[in-house]
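Contents: one structure, followed by commentary.
The values are calculated or read from the model by the stated rules, or taken from the named source; none is laboratory data. Since the model is a prediction, treat every value here as computed from it, not as a measurement. Reconstructed Cβ throughout: ideal geometry from the backbone, glycine too, with neighbour counts over all protein chains shown. To get the accessible areas, we keep the full protein, side chains included, count just its heavy atoms, and leave off ligands, DNA and RNA. Shrake-Rupley method; radii C 1.70, N 1.55, O 1.52, S 1.80 Å.
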Amino acid sequence: MYKEIVRPILNKFDSETFHELARESLHFAELSPLTLKLVELFTDKHKRFTDPRLRTHIGGVEFENPLIVGAGWDKAGRAVAGLWHLGFAGVEVGSVLEYPQPGNPKPRLHMVSNGTAINWLGFNSPGVDVVKHNLSKYKSHPARIGISIGMNKDVAHDDSPRAHAVIAEELSEDADYFAINISSPNTPGLRKLQEKGRTIDIVHAVKEAMERGGFSRPVFIKIAPDLTYEAVDDIIGVALEHSIAGIIASNSTINTGIKAKYGDKWRNSQGGLSGDDVDYRKMTTDIIAHIYRQAGDKLDIVGVGGVHDTESALEKIMAGAKALQLVTAIRGEGSTVAGKINRGIVEFMEKEKVDNLNELVGVSSNS
Ligand SMILES: Cc1cc2nc3c(=O)[nH]c(=O)nc-3n(C[C@H](O)[C@H](O)[C@H](O)COP(=O)(O)O)c2cc1C
């Protein structure tokens, strides 16, 4: 029904307006336990799907299933419980910035096909204080909360370690893990932070900030899919040397050839492409397999990029990802997406006589 009736209507709205409507509907459902339970009517079998065989660990944190809502869907932490009731094990909130930033002028989020988006939001964030306030209501909630750390656009690069550390300091209490996002394409120069020396400085500052507050949370680095494998190897080296828990691979792509598939006007447009594009999906899966081959079990990989059904989820798990994130597919596939994927993974495990999701991780990384 979603794809036949609801999505064609929603396609008439500005994409960001639709997104805000969906997020705020979930937010208002959090008003009472009863309305939250009603959210489950929108899952595939009208009940949140759960199965102990889907349990996974990243950075030592247990997730009830491998599906996390990726950064960008709930930038301010307003709908964590609602998303959990749709079947996700957690939400990566953010990217969170030190102080409020409106982002780029609208329109800045475009569905270029039913399952594929190009966005140049430019880090819109209400700032860390508002996010902290929003997250306070989830203290005893079973949903895992990751915090994606971003940086205001006018922060000088020399000041970037401090700007990242502020978020870690403020939100350590609320976070199950942190993701350092140095890979968004929409803040000029941000991806330069992926250079080895700068990444190390940011990682140290974030860890020190946590320690000052008496916390120890796993830290992940989120990379761009457009890096050369040499640059990916640099990040793997930094991660291994500096006790990083793992790598989130990856952010949206600025690849002009892939963007141009949706019309020549997108070729040199600003913004990154995400979602169900076969080339983008392959690009991100190949990076996961590369990281897995290089680092094996020493780094936990979170796979992101075009996951939208059981097949695309399994593809990334078998390439080496222990957990997955989805953003664009929540729009493309609708509210049933997490339940369908989790159920499909369990069916696959039963067919293959696999008892534990971990047994599938990395099995195709060499193919
Ligand atoms: C509208 C939108 C906003 C996003 N905002 C962020 C962000 O703030 N921080 C971040 O690390 N990634 C952000 N992303 C990237 C996603 O987290 C994800 O890496 C990318 O969309 C690929 O996943 P997907 O194919 O499931 O959408 C955003 C993506 C979209 C579509």
Taking every alpha carbon pair in the chain and sorting the distances into 10 angstrom bins from 0 up to the bin holding the longest one, the percent per bin comes out as 5, 26, 37, 25, 6, 0
Judged on accessible area alone, 1.4 Å probe, highest first, 92, 211 line up as 211, 92
Quick one: net charge of residue 41's neighbours, Cβ under 14 Å, K/R +1, D/E -1?
-> +2
Note: residue 347 to residue 62 extended length (0.36 nm per residue) minus current alpha-carbon separation gives 100.4 nm
First measure r as the distance between the Cβ atoms of residue 241 and residue 4, then evaluate 1/(1 + (r/R0)^6) with R0 = 56 Å and state the FRET efficiency to the nearest 0.05.
-> 0.60
Gain in length, residue 256 to residue 364, computed as 0.36 nm per residue apart minus the alpha-carbon separation, to one decimal in nm?
-> 36.0 nm
Leaving out same-chain residues fewer than 8 places away, which lysines sit with a Cα under 21 Å from that of residue 207?
-> 132, 192, 196, 222, 298
Could you give the spread of the C-alpha atoms of region 227-322 along their three principal axes, from largest to smallest, in whole angstroms?
-> 42, 29, 16
Structure shown: which of 259/316; 259/282; 259/322 lie over 18 Å apart, alpha-carbon to alpha-carbon?
-> 259/316; 259/322
Farthest positive-ward along region 159-299 dipole, Cα basis, beta-carbon charges - from 272, 249, 224 = 272
For residue 80, solvent-accessible area (1.4 Å; no DNA, RNA or ligand), Å² | 0 Å²
Which residues qualify? For residue 75, with a placed amide H closer than 5 Å and at least 5 residues away or on another chain, they are 94
Take the alpha-carbon centre of region 23-62, take the same for region 213-282, and report the distance between them in whole Å.
-> 27 Å
quick note, the chain, DSSP beta bridge pairs, % antiparallel (nearest 5) is 30 percent
For region 68-206 the mean separation of alpha carbon contacts under 8 Å (6+ apart) over residue count, i.e. relative contact order in percent, is 24 percent
